[in-house]
Amino acid sequence: GDLDDPTTDPFDVARAAADHIAEVTGVPGHDVALVLGSGWGGAAELIGDVVAEVPTHEIPGFARPAVAGHVATTRSIRVERPDGAVRHALVIGGRTHLYEGKGVRRVAHGVRTAAAAGCETVVLTNGCGGLHIGWRPGQPVLVRDHINLTGTSPLEGATFVDLTDLYSPRLRKIAQTVDPDLPEGVYAQFHGPHYETPAEVKMAGLMGADLVGMSTTLEAIAARHAGMEVLGISLVTNLAAGISLQPLSHEEVLEAGQAAGPRISELLARIVTS
Ligand SMILES: Nc1nc2[nH]c(I)nc2c(=O)[nH]1
């Protein structure tokens, strides 16, 4: 079915996507899903052995690559836990952002596919702007809660879903056991693709946000609706507009993402295997 056709049930497409993944990877069921945002690219290989790699656009319901020539792949990772137990992680590549205008169904399709593939947990990572001067680029922050400023929802119809403790206190506790220095914050999603003005960053701060980004909140809502436990981790790649006096150079942002790579990938690997 085609997600752009309103008569299509998005969960049928997620089922078809999960069946395709099981068939192509040879892994009948996955346990944990990871969505890797800006700066998190290197985490997958540190988590375990890549069992199979699937071009994401070949999976039913996933959009063609947003960036021409950049073929996103979805990987099945075999994770060996300290106690010897084996788990299968599904690293969803090719996240669709709301600002691409492809509709909320495509934004939510990755997590719905993961749920259909058997995942009971999803780790949503992202790159974002920080509102605290002490959170320098490269700082990972656990998402404690979110503020959805997109004005929309991944859910359709009278789908009333409770979002209390949406970001699992259990998983956050595990993450902070792995890295006790890990701060927590509230993540606000703006529609994008433009960045915030200094006044909008100030507004977000007054509303209680600590981080601003353009992803994650709709995926988290869809993941909760699909019955998954959710962990969110942000990587501060820049100080949000107006927080620091001089605008950060794009090079500094990219540098920060690269430099943080090993630390955040190690963190993610230890959380996933714990
Ligand atoms: N909205 C928003 N999204 C972001 N993504 C990244 I990387 N940095 C930012 C930022 O400063 N604001």
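What to note about this one:
- Comparing 143, 133, 107 along the charge dipole axis of the chain, the residue lying farthest to the positive side is 133, per the Cβ-charge model.
- Net charge contributed by nearby residues that have their C-beta within less than 11 Å of residue 102 (K/R +1, D/E -1): +1
- A cut-off under 11 angstrom between Cβ atoms defines the neighbours of residue 77, and their net charge, with Lys, Arg +1 and Asp, Glu -1, is -2.
- Positive contributions from Lys and Arg (+1) and negative ones from Asp and Glu (-1), summed over other residues with Cβ under 12 Å from the Cβ of residue 118, come out at -1.
- Burial order of peptide ranges 110-118, 177-185 (average beta-carbon count within 10 Å, highest first): 110-118, 177-185
- Taking all Cα pairs closer than 8 Å and separated by 6 or more residues, the relative contact order of segment 170-212 comes to 44 percent.
- Between the amide H of residue 146 and those of 187, distances stay under 5 Å, these residues lying 5 or more places away or on another chain, with hydrogens modeled in the peptide plane.
- Each Lys and Arg contributes +1 and each Asp and Glu -1, all at the Cβ; summed about the Cα centre of the chain, the dipole is approximately 300 debye.
- Rg to Rh, two decimals, where segment 183-274 supplies the alpha carbon set and Rh follows Kirkwood: 0.99
- Relative contact order (%) - criterion: Cα under 8 Å, at least six apart; region: the chain: 26 percent
- Viscosity 1.567 mPa s, 4 °C: Kirkwood-radius Stokes-Einstein D of the chain over Cα pairs, µm²/s: 69 µm²/s
- Integer Hz, Karplus 6.51/-1.76/1.60 couplings in order for segment 110-125, x for Gly and Pro: x, 6, 5, 5, 4, 5, 5, 7, x, 5, 9, 9, 10, 9, 9, 10
- Three-way shape call for segment 1-137 based on the alpha-carbon gyration tensor, with the a/c threshold at 1.5: oblate
- Taking all Cα pairs closer than 8 Å and separated by 6 or more residues, the relative contact order of segment 81-235 comes to 41 percent.
Values quoted throughout were computed directly from the atomic coordinates according to the rules given, and no laboratory measurement underlies them. For clarity, every value in this text was computed on a predicted model and none was experimentally measured. Don't worry about glycine lacking a Cβ; one is built from the backbone with ideal geometry, like all the others, and counts go over all protein chains shown.
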